[in-house]
Amino acid sequence: MQDPTTPGTLLTAMRANPPLVQCITNFVAMNIAANVMLAAGASPAMVHAEEEAGEFAAISGALTINIGTLSSGWLAGMTSAAQAANKAGKPWVLDPVAHYATSFRRKAVAGLLDLHPTVIRGNASEIIALAGGTSRGQGVDSRDPVELAEEAAVLLAQKHHTVVAVTGATDFVTDGNKASRIEGGSPLMPQVTALGCSLTCLVGAFAATRPDQPFAATVAALAVFAVAGEQAGREADGPGSFSWRFLDTLAGLDEKAIDSEARIISL
Amino acid sequence: MQDPTTPGTLLTAMRANPPLVQCITNFVAMNIAANVMLAAGASPAMVHAEEEAGEFAAISGALTINIGTLSSGWLAGMTSAAQAANKAGKPWVLDPVAHYATSFRRKAVAGLLDLHPTVIRGNASEIIALAGGTSRGQGVDSRDPVELAEEAAVLLAQKHHTVVAVTGATDFVTDGNKASRIEGGSPLMPQVTALGCSLTCLVGAFAATRPDQPFAATVAALAVFAVAGEQAGREADGPGSFSWRFLDTLAGLDEKAIDSEARIISL
Amino acid sequence: MQDPTTPGTLLTAMRANPPLVQCITNFVAMNIAANVMLAAGASPAMVHAEEEAGEFAAISGALTINIGTLSSGWLAGMTSAAQAANKAGKPWVLDPVAHYATSFRRKAVAGLLDLHPTVIRGNASEIIALAGGTSRGQGVDSRDPVELAEEAAVLLAQKHHTVVAVTGATDFVTDGNKASRIEGGSPLMPQVTALGCSLTCLVGAFAATRPDQPFAATVAALAVFAVAGEQAGREADGPGSFSWRFLDTLAGLDEKAIDSEARIISL
């Protein structure tokens, strides 16, 4: 019997009933994140203002929060949306971009962590710092390999009862008990801005599809990204052609392609 | 004698004197909308702040307002700009993105409607809801076919003395008396985020070129979009390659190509 | 002995130690500017909020400020960041987009000029108006040739003890004493939105690499852009394909290609 939560079956399920995902993301990521979501088959809505973020979270299938271009006004909207998602029982995903860089970000992320994200997705430097370690991150860029962040990810997942995804050359996902590595992608991906932010939104789409299975949903989003990235990377001549090939590939992938090409190592 | 307001002749007139169009649009659309405007031959300026939006509207040829990523601060700038456009006798275009989704949006759009937009452009769900009907829209995505919104569009145009454009697989434009359908485009267009928002800006460019003919100007913008979309769609392999092919095609189209390929049905 | 500040050697030096550059830029430019920076080999961070802009400027190698989509809140962040950059001895670059268009912009730019930018980059209309002349700029678009702005650039550089770069068909850079013209680029570049804004960020990256040589750093950034633009323009079919080819080309250029193809005329 086929596992009903393989990445491919989850992609099919997601497309069969495109989830409305409220994406509160940064100004750099807005356009590419929405395009990634549409290519994958989800229904993104970028709604951030405090005046409506909570009301919108209640009608969405999931919420994603990325602090890339944070300000106080936006933080109020994020907080309101996360509270409403919790109240409505909707999953939400936290992307703590460069949270170690300033005191404003550190406080903001501490407050958001208290609102119980369902999933945290970050690069290695972000996850290490979030677990209390010393990262070598510079600005928004990770300078640590994913392997170094695996222990921090497990501790963080256990402490906050959440799924933690560390993305990089090889991704790592854990819920504090089980863990998986996802291989694939392309060396061109870090040269394209906001792909990680876009992946955060896609985790939200899969979490909306299977709110009962946040670990499998997160693995699925990362596996879909890794397969699409690997295929697009084979054809691309640089970061510019990678971007549009990635969207074309993502839109063209189906369940069979994902489940035959995804390289997931259960630990 | 050739009709002086065919889409092709209006495109030529627009390029001969590129209109400055103030586009108050959402964070997702900013970049692609500006690129669409430049490819078509217009001169877009994204100026939204209350501190200057009104002053800038007075020197622009037209104004477009899109509420996609609305907040109170931006609403103040939109209001100020629409009032200034009215005072200066400049046309302005309203794009009521997902106005049915939250009470904040509903109130904002009610206030903007009171400022007499020259043209309203939306998808079918938005136009149905704006006319008081029950739409099936989810977030920012329409779930209703354009055909179902035609009656609502006519009622809305009559009530507000405005041109109403409903865009989708086949577009519909009416001023409350006459109406046209525009065929063309590509099934890939809904997979590319913010193309509708970009089209709203382009309606502004044509309205600036012929402020005395808002119906013909709106039809022209939609026809140019439909021809470019159809041609780009023939070559594209997915939503990523569609985007840049659409811009290349739009920049390369001329009067003759538009007027020979546009499929406009006067009703 | 090879000049250690040729554009090619500066590019190699920049990539060997990718500088963290805080880019406060407009909503249109955010994504393409970050992608240009990554393709060139720099490490951009879009951090604008008053709550953290100053703290972040102190840890960055350089700061760039672009007023394209200005508002009061952002102006406060810009001011705070420029003050912190000055205090920390970091170079900063001003891009006075359409500063002549409204009184809000004029006042904002006057205040920013008082904070001693290391480099000012603008189009001809912006530089002419900044030096007190009458420009023909419309919205964000220059309507004046670069040649007409050269005298204004020299005066501006002398008055503010800064480097001034006027970009257009042929660029002009001066520190008030010496000056250079940089040829290259492509007629498609003005059809792609926010490439000038992206170039401002790239000037910041080179200035971070050689803060002791702001003139040579500015010339290097413009030369790299001109070479990449010229190569990409040869292959492109329009503004859409130009964009991604420009990023591919920029990522693929090396020291040798830059120094053999750059056309810099020392005046």
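Okay, here's what the table says:
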| item | result |
| --- | --- |
| Within a Gaussian network of chain A (alpha carbon springs, distance under 10 Å), most fluctuating of A:140, A:164, A:173 | A:140 |
| Chain pair A, B: total accessible area buried, heavy atoms, 1.4 Å probe, Å² | 2200 Å² |
| DSSP H segments from chain B that extend 18 Å or more along their own axis, Cα-based, with Kyte-Doolittle mean of 1.0 or above | B:195-209 |
| Label distances, nm, residue A:133 versus same residue in remaining copies, Cβ-directed 7 Å point | 5.7, 5.8 |
| Å² per residue, accessible surface of chain C at 1.4 Å | 33 Å² |
| Mean separation of Cα contacts under 8 Å (6+ apart) over length of region C:8-266, as relative contact order % | 21 percent |
| Rel. contact order, % - alpha carbon contacts under 8 angstrom, at least six apart, region B:10-128 | 23 percent |
| With all protein chains modelled, accessible area of residue B:197 [1.4 Å, Å²] | 20 Å² |
| Percent RCO, i.e. relative contact order, over region C:68-197, from Cα pairs under 8 Å lying at least 6 residues apart | 18 percent |
| Prolate/oblate/rounded call for region B:127-206, Cα gyration tensor, a/c under 1.5 rounded | oblate |
| Radius 13 Å from Cβ of residue A:201, net charge of other residues (Lys, Arg +1; Asp, Glu -1) | 0 |
| Nonlocal amide H pairs with residue B:69, under 5 Å, H built at 1.01 Å | B:26, B:27 |
| Sulfur and carbon atoms: percent of accessible area, region B:7-266 [1.4 Å] | 51 percent |
| Lys, Arg +1 and Asp, Glu -1 on Cβ, resulting dipole of region C:201-258 about Cα centre, debye, nearest 20 | 100 debye |
| Considering only region B:7-266, percent of DSSP beta bridges that pair antiparallel, nearest 5 | 40 percent |
| Residue of B:83, B:231, B:213 that the Gaussian network model of chain B assigns the largest fluctuation, springs spanning Cα pairs under 10 Å | B:213 |
| Span from the region B:51-113 Cα centroid across to the region A:63-120 one, whole angstrom | 29 Å |
| Cα extents of region B:46-169 along the three principal axes, largest first (Å) | 39, 26, 23 |
| Net charge of Cβ neighbours under 14 Å - reference residue A:111; Lys, Arg +1; Asp, Glu -1 | +1 |
| The protein assembly as shown: calculated mean residue ellipticity at 222 nm from DSSP helix runs of at least 4, using -39500 (n - 2.57) | -15500 deg cm²/dmol |
| Shape category assigned to chain B from the gyration tensor of Cα positions, a/c cut at 1.5 | rounded |
| Buried on assembly, region B:181-207 (at least 30 Å² less accessible surface than by itself, 1.4 Å probe) | B:191, B:193 |
| For residue B:114, inter-copy label distances in nm, listed shortest first [label point 7 Å out on the Cα-Cβ vector] | 3.9, 3.9 |
| Rounded, prolate or oblate (a/c below 1.5 giving rounded, otherwise prolate when a/b exceeds b/c) for region C:103-172 by Cα gyration tensor | oblate |
| Cα radius of gyration and Dmax for region B:121-267 (Å) | 14.7, 43 |
| Residue A:178 accessible area, assembled protein chains, probe 1.4 Å, Å² | 100 Å² |
| Position residue A:16, label points 7 Å along Cα→Cβ, spacing to each other copy in nm (shortest first, one decimal) | 5.8, 5.8 |
| Pair residue B:136, residue B:114: separation of 7 Å Cα→Cβ label points (nm) | 3.4 nm |
| Within-10-Å neighbourhood charge of residue B:79 [Cβ basis; K, R +1; D, E -1] | -2 |
| DSSP bridge orientation in the protein assembly as shown - percent antiparallel, rounded to nearest 5 | 40 percent |
| Computed label-point distance, nm, for sites residue C:15 and residue A:147 using a 7 Å Cα→Cβ extension | 2.6 nm |
| Calculated P(r) of the protein assembly as shown - Cα pairs past 40 Å, % | 31 percent |
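The values are calculated or read from the model by the stated rules, or taken from the named source; none is laboratory data. Keep in mind the model is a prediction, meaning the values are calculated, not measured. As a convention, Cβ positions derive from the backbone with ideal geometry for all residues, glycine included, and neighbour counts pool all protein chains shown. To get the accessible areas, we keep the full protein, side chains included, count just its heavy atoms, and leave off ligands, DNA and RNA. Shrake-Rupley method; radii C 1.70, N 1.55, O 1.52, S 1.80 Å.
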